[in-house]
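The values are calculated or read from the model by the stated rules, or taken from the named source; none is laboratory data. From a predicted model like this one, the values you see are computed outputs, not experimental measurements. When we count neighbours, we look across all protein chains shown, and the Cβ atoms used for this are built from the backbone with ideal geometry, even at glycine. Just so you know, the surface numbers come from the protein's heavy atoms only, side chains and all, with ligands and any DNA or RNA stripped out. Shrake-Rupley method; radii C 1.70, N 1.55, O 1.52, S 1.80 Å.
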Amino acid sequence: VQLQASGGGLVQAGGSLRLSCAASGLTFSNTDMGWFRQAPGKEREFVAGIDWGESNRVYSGSVKDRFTISRDNAKNTMYLQMNSLKPVDTAVYYCAAARNWRRIRFTDAYAYWGQGTLVTVSS
């Protein structure tokens, strides 16, 4: 299984970025997925999750109404549209494939992780 996150970069506060996560080696259309992030010196934290059929989306309180998670099962790709970015959003963002929707907000729900993409938001 490979999860390849991309789309990170440097952006000014208030700007936008779209992250992508290309998946291979798994049945993507049957797999719940999530985004996490980890800032320097901090623990990895949940950002957003989406079920296999896009029926359910969940967000952390800190990104709700600014970030949107989506997926294209035909392309085996998940996305994270990030708007109104803030310096506190600076982190390495990871995509992951889940095995337990009930614990989608927790790292132990995930079987596979991508390598991460760095997002830096300047003030």
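Please give the net charge around Val121, taking every other residue with its beta carbon less than 10 angstrom from that of Val121, where Lys and Arg add +1 and Asp and Glu add -1.
0
Rank Asn76, Asn100, Asn30 by mean-square fluctuation in a GNM of the chain with C-alpha springs under 10 angstrom and give only the top-ranked residue.
Comparing Asn76, Asn100, Asn30 in the GNM, the peak value goes to Asn30.
Pairs of alpha-carbon atoms within less than 8 angstrom and 6+ residues apart define the contacts here; what relative contact order does the range 76-123 have, in percent?
Details: 57 pairs, mean separation 21.7, N = 48.
Result for the range 76-123 is 45 percent.
What number, in percent, do you get for the relative contact order of the chain if the mean sequence gap of Cα pairs under 8 Å and at least 6 apart is divided by its residue count?
Working: 309 pairs, mean separation 43.5, N = 123.
So the answer I get is 35 percent.
Add +1 for every Lys or Arg and -1 for every Asp or Glu among the other residues with Cβ under 12 Å from the Cβ of Tyr110, and state the total. Mind dumping the intermediate values first?
Details: positive: Arg44, Arg99, Arg103, Arg105; negative: Asp32, Asp108.
Around Tyr110, the charge tally is +2.
Tell me the carbon and sulfur percent of the accessible area for the range 1-91, rounded to whole percent, probe radius 1.4 Å.
The C+S portion of the solvent-accessible surface of the range 1-91 is 44 percent.
Whole number in Å², please: accessible area per residue of the range 57-96, 1.4 Å probe, ligands, DNA and RNA not counted.
So the range 57-96 comes to 43 Å² accessible per residue, rounded to a whole number.
Loop-only GluC sites (Glu not before Pro) in the range 36-123, please: DSSP not H, G, I, E or B, and at most 10 other Cβ atoms within 10 Å. Don't skip to the end; give the middle numbers.
Working: sites: Glu43, Glu45, Glu54; in loops: Glu43, Glu54.
Passing sites in the range 36-123 are Glu43.
Could you check what % of the DSSP bridge pairs in the chain are antiparallel, to the nearest 5?
If I count the DSSP bridges inside the chain, around 90 percent turn out antiparallel.
Local charge sum around Asn83 (other residues, Cβ-Cβ under 14 Å, Lys/Arg +1, Asp/Glu -1)?
Value of the local net charge: +2.
Please list, or write none, the lysines whose alpha carbon is within less than 25 Å of the alpha carbon of Lys64, excluding same-chain residues fewer than 8 places away.
The qualifying lysines are Lys42, Lys86.
When a/c is below 1.5 the answer is rounded, else prolate if a/b is larger than b/c, else oblate, so apply that to the range 42-109 with a ≥ b ≥ c taken from the square roots of the Cα gyration tensor eigenvalues.
Judged from the Cα gyration tensor, the range 42-109 comes out oblate (a/c at least 1.5, b/c at or above a/b).
Order Leu26, Leu80 by their accessible area, 1.4 angstrom probe, all chains in place, largest first.
Ranked from most to least accessible, the order is Leu26, Leu80.
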